[in-house]
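Below: the structure, in structure tokens.
All of the numbers you see were taken from the coordinates with simple rules; none came from a lab. As the structure is a prediction and not an experimental result, all values here were calculated from the model. We place every Cβ from the backbone using ideal geometry, glycine too, and count neighbours over all the protein chains shown.
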């Protein structure tokens, strides 16, 4: 057993951390307050090759493994979860094209993501289909050699800034099976009948763009179908382990960022004539925060390793990592605010933002409750 | 084919609070990173490589194995290969002075025969600020120090350089190759190593060389300088609080600045 990172992974972490310190941290509070998408930061991130690094080398990416992506995501989220998500999500949905797309789709849609010329998104959730993904009602009907799409998608990351989306649509409503009859179709934002409305007022990750997408008789060519007609859900499910591990890494990053800020503040702040870090109550908080973060990191790395080398047996582990790391993120951010006292309750310091940002990791990509259902289902031998 | 040699150094950075241990700063309070000036020199070299047809960039450093991480980051930014000089003799030297560095780099130059050598103006830990110029003298190269703009005409074998002098005066100089330029911060905006560059750097060569490999013996690194003491100076601070409205405070600030010599004549 070897818990060490490779020299390349260590260098990746250090250089991304340097980028984050110089380019993300100084502007994070401003983008959060304004709920603005950080175009200028995205440009620099593209120069460094941070966007969609999981895209294979032949399409301009690096072909990053799940573990390498986890290290990258952790560092970005430790600097700022909102901007971190913007960078980490630029290639959302690309995994479907990488795994199931045609050669032409790969050549068209993948290189622009890496170069920062396009952003994409994955559109699954609907106003009435959140955790219950099989109740998706966006319809795609075949008309000659085109798909005609009608419906709404909700909570779509990159909704108003994205250039194209992999959209889950019901294509074959007559099949009996709950999980077949859905397909993944690429919809570009310049198609007639496509509209996106930004969702404002989010509690956290406010730099990240979230929108509702509306498809009103949107027509796309039949070759925009990704993979096999009717197999959309089964295609998506193959990536749940990977995407949940990525959210676990977000949680680890948030916990790390919050814990580091608490440690720094505790050493600066003086009360009763000494640094508050000399009080055992504060020391124990810091000890617990760092221990929990390390435990979440271990679980997340193991899950990432599992996705990369033992993909058949990683589902329970991925759900454990996602559930645990997101809980640690919220708990550690909570304690980080507590260590800051009143100063943590206003936005002069980062921890209040981390406290707000952390919550989403328990909600998206399968809620905490769904993750526990999956863990229990695996334990009780009722696999999918 | 043009060859650019960049000398780089991993420097110690001292934390805010530290403890002195004789004439050393206790290792616990040191962090190691690439010398800031060298980052600009690397960027200069990599930009030359990107602009030219056939330019090889080689970095050379003196330092223990720990430095490889820093050197590899230079490789990730586009340097083609690295040379790292270290052995037990160097490890036992207390203070590596300018002469010693000059001897070592001069031996590398004899081997590599670069057309252009870029160094940082200084290293921010020992701040001798002399190695680049001393190397030029020993190698018989032309030189220009504190360069903050470079326009290289490789075909004509001339480097047109700009040097920023005191008092806002800028000097434009033509330097014939082969030459050593000591690079000032601000000449460019050093890039981050790209993720792809970081991956490629893992496969690039860092050749380790000993003094013996370079044809040198311990006499070459014997120092004529002895570090006699290290202490923290007493610091004095002076605070003046400006009161009143913005106009009054601004006027007071302006008069203080004028007194201190800030502002136009």
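Side notes on the structure shown:
- Simple spin-label estimate for residue B:170 and residue A:117 in nanometres, 7 Å along Cα-Cβ: 3.5
- In this rough spin-label picture, where each label sits 7 Å from Cα along the Cβ direction, the residue A:99-residue B:18 distance is 5.1 nm.
- For chain B, the longest principal axis of the alpha carbon atoms and the long axis of helix B:36-51 meet at an angle near 50°.
- Spatial separation of Cα centroids for the range A:1-48 and the range B:222-265, in angstrom: 35
- Extension gain, residue A:260 to residue A:310: 0.36 nm times the residue separation minus the Cα-Cα distance gives 14.7 nm.
- Remark: the residue A:271-residue A:27 segment gains 84.8 nm on full extension, using 0.36 nm per residue and subtracting the alpha carbon distance.
- Residue-averaged beta-carbon neighbours from other chains (10 angstrom radius) around A:3-15: 4
- Relative contact order of the range A:150-270, defined on C-alpha pairs under 8 angstrom at six or more residues apart (%): 30
- The range B:2-221, Cα convex hull volume normalised per residue, Å³: 135
- The DSSP beta bridges internal to the range B:8-140 are antiparallel in roughly 60% of cases.
- Backbone N within the range A:313-345 under 20 Å of label point (7 Å from residue A:3 Cα along the Cβ vector): A:317-318, A:320-322, A:324-326, A:328-329
- DSSP bridge analysis restricted to the protein assembly as shown gives an antiparallel fraction near 60%, rounded to the nearest 5.
- Euclidean distance of C-alpha centroids, the range B:19-75 and the range A:332-377, integer Å: 39
- The label point for residue A:338 and the one for residue A:34, both projected 7 Å from the Cα toward the Cβ, are 3.6 nm apart.
- If R0 equals 35 Å, the separation of the Cβ atoms of residue A:143 and residue A:195 corresponds to a calculated FRET efficiency of about 0.95.
- Ellipticity at 222 nm from helices only: DSSP H runs of n ≥ 4 in the protein assembly as shown, each -39500 (n - 2.57), divided by the residue count, give -12500 deg cm²/dmol.
- For chain A, the longest principal axis of the Cα atoms and the long axis of helix A:240-268 meet at an angle of about 20 degrees.
- Nearest-ten-degree value, helix A:7-19 long axis tilted from longest Cα axis of chain A: 80
- On full extension, the segment bounded by residue B:235 and residue B:213 gains 3.2 nm, given 0.36 nm per residue less the C-alpha separation.
- Normalised by the number of residues in the range B:2-221, the mean separation of alpha-carbon contacts (under 8 Å, six or more apart) gives a relative contact order of 27 percent.
- Order of A:165, A:92 under a 10 Å beta carbon neighbour criterion, fewest first: A:92, A:165
- Footprinting exposure proxy ranking of B:102, A:291, fewest other C-beta atoms within 10 angstrom first, gives A:291, B:102.
- Cβ-derived FRET efficiency at R0 25 Å, residue B:54 paired with residue B:158, nearest 0.05: 0.85
- Taking A:367, A:210 and counting other C-beta atoms within 10 Å, the order from fewest to most: A:367, A:210
- Placing R0 at 41 angstrom, the Cβ-Cβ distance between residue B:258 and residue B:27 gives a FRET efficiency of 0.35 after rounding to 0.05.
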